Each structure stands twice: as C-alpha cells, then as structure tokens.
Amino acid sequence: MSNNRLLRTFVAIELPGTVGNSALSLHSTVEAHPKVVKWVKLRNIHLTLKFTGETPEDLIPDINSVLAKAVKSHNDFSLTIEGTGVFPKKERPRILWMGAESGGDQLSALVGDINRVLDPLGFPAEEREFSSHITIGRIRYPQKVTPDVSTFLNSSYDPIQFTVEKINLFQSDLVPGGPIYSNLGVHQLTPNQ
C-alpha cells in the first residue's frame, strides 16, 4: 500500500553560521514591540530555492532523483550575502530579509533547472520571478503601530562570501516552538576543477 502522507517540503541552500550571527545583529534594528516580529531561529536560516509545499511522501525518491540530475550540470559557485530588504514594502513590511547574490547568473540558472525538473512532478514554477533573499524575520499583523524598519534597511554588516557546493531537500514540521527542518536529500554540485 502506498503511503501518501503529505510532507511540507522545500529545496534550499544551507548557510554558514556567520550568516546567523549577522542576522542576530540586525534584530535590534527593528523598532517594534518584541512580540510583533517573529525572528527565524538561527539554525533554520537558509536560502530557499523552491518551496514545494505539500508533497506526497512517495514522491520524495522521484524528487531526489530529478534534483540530483539537475544539479550535476552546475558547478559550485560563490555566493555573497549582503544588504537588507523587506517585502512587500517598507510602509507595511511583512518579511525582513538579507540579500544573496551569485557572481553572474549561476543562482538563477540553478533555480531555473530545479523548476524545470520539478514541473512534470506537479510542482510548477512560481509566477513571480525568483528573488534571492534569506528570510530572517516575519512581522505579524494586525498591529496598532506599523514597525519602523528604516534602521534595519540602512544597516550594514560585513558581506559574507561562501561557496555553494550542494542543495538540500528539506521537510518542515510545523510545531508550536517554530518549524523543525529535517533533511530528505543532499545533492552535490559539480566541483570546479
């Protein structure tokens, strides 16, 4: 009998611990009541490449199989974490993020291939263009006072550069203390000679 329990899944890049340290230093720059901003736990900070969402458990091997093939055509590449931003706009911020840029288009090319191989499995690409960002906080509404994020947006931290060598398929279990992520697959990019 097939086990079609639904798992909440996503494809992401794990980040070095220094990203969490920089994220922590940004917490104090948002002027808001402590309960207004829900900060992402440092161990959960990652760069999402594709949110696959509700996924039948018996599809996981197929997903891992196509992801493995998709990343083999990509060499590892350098990624720089720098800058801050908010979605959708600073007058009503919901998501607080740190920026992530790859030299050239390596990151968007990788995301394009991930979308291409997952589409036939029932995970279509999102309508909006991929925007590489690392969510570090979410603002809860309704609020009496919209949090002031201008200091956050003007904050700087030393850029963090690291090499992306692999991507991961994660499962997210939503529990009262915040989500717990477990690894369902690791896929190595081709090392640069």
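Please treat every number below as a calculation from the coordinates, not as lab data. Source: prediction; values computed, not measured. Cβ sites come from the backbone with ideal geometry, for glycine too, and all protein chains shown count toward neighbours.
Put +1 on the Cβ of each Lys and Arg and -1 on the Cβ of each Asp and Glu in the chain; which of S131, T29, Q143 then has its Cα farthest toward the positive end of the dipole? About the Cα centre, the residue reaching furthest to the positive side is Q143. Shown is the FRET efficiency for S131 and H33, computed with R0 = 25 Å from the Cβ-Cβ distance and rounded to the nearest 0.05: 0.35. Bridging of K69 to aspartates and glutamates at a Cα separation below 13 Å is possible for D113, once same-chain residues fewer than 8 apart are set aside. Between S102, S156, S132, the GNM of the chain built on Cα springs shorter than 10 angstrom shows S156 fluctuating the most. The orientation-averaged shadow of the Cα convex hull for the range 76-122, equal to a quarter of the hull surface, comes to 4.8 nm². Here the label points at K90 and T163, each 7 Å from Cα along the C-beta direction, are separated by 3.7 nm in the simple model. So which of K41/K166; K41/K90; K89/K166; K38/K89; K50/K72; K41/K89 end up more than 20 Å apart, counting from Cα to Cα? Over 20 Å Cα-Cα: K41/K166; K41/K90; K89/K166; K41/K89.
About the centre of its Cα atoms, the chain shows a dipole size close to 720 debye [charges on the beta carbon of Lys, Arg (+1) and Asp, Glu (-1) only; nearest 20 debye]. The V145 and E57 beta-carbon pair, evaluated with R₀ = 35 Å, returns a calculated FRET efficiency of approximately 0.20.
Compactness check for the range 63-166: Cα Rg over 2.2 N^0.38 Å is 1.30. Pairs of Cα atoms nearer than 8 Å and 6+ residues apart set the relative contact order; for the range 66-154 it is 35 percent. Computed from Cα positions, the angle between helix 60-72 and the longest principal axis of the chain comes to roughly 90 degrees. When F51, F77, F152 are arranged by Cβ crowding within 10 Å, least crowded first, meaning fewest neighbours, the order is F51, F77, F152. Across the range 4-13, rounded Karplus estimates of 3J(HN,Hα) from the backbone phi angles (6.51 cos²θ - 1.76 cosθ + 1.60, θ = phi - 60°) give 10, 4, 8, 10, 8, 10, 7, 9, 8, 9 Hz, Gly and Pro being marked x.
When both the range 120-165 and the range 1-72 are represented by their alpha-carbon centers, they are found 12 Å apart.
Only lysines eight or more places from K35 in sequence, or on another chain, were considered; those with a Cα closer than 18 Å are K144. Net length available on complete extension from R116 to R138 is 5.0 nm, with 0.36 nm assigned per residue and the Cα-Cα distance removed. Across the range 6-188, the fraction of Cα-Cα pairs farther apart than 27 Å, rounded to a whole number, is 30%. Taking other Cβ within 10 Å of each residue's Cβ, how do L153, L174 sort, fewest first? Taking fewest neighbouring Cβ atoms as first place, the list is L174, L153. Relative contact order of the chain, taken over Cα pairs closer than 8 Å and 6 or more residues apart, is 34 percent. In a DSSP loop and with at most 15 other Cβ atoms within 10 Å, the GluC sites (Glu not before Pro) in the range 47-94 are E91.
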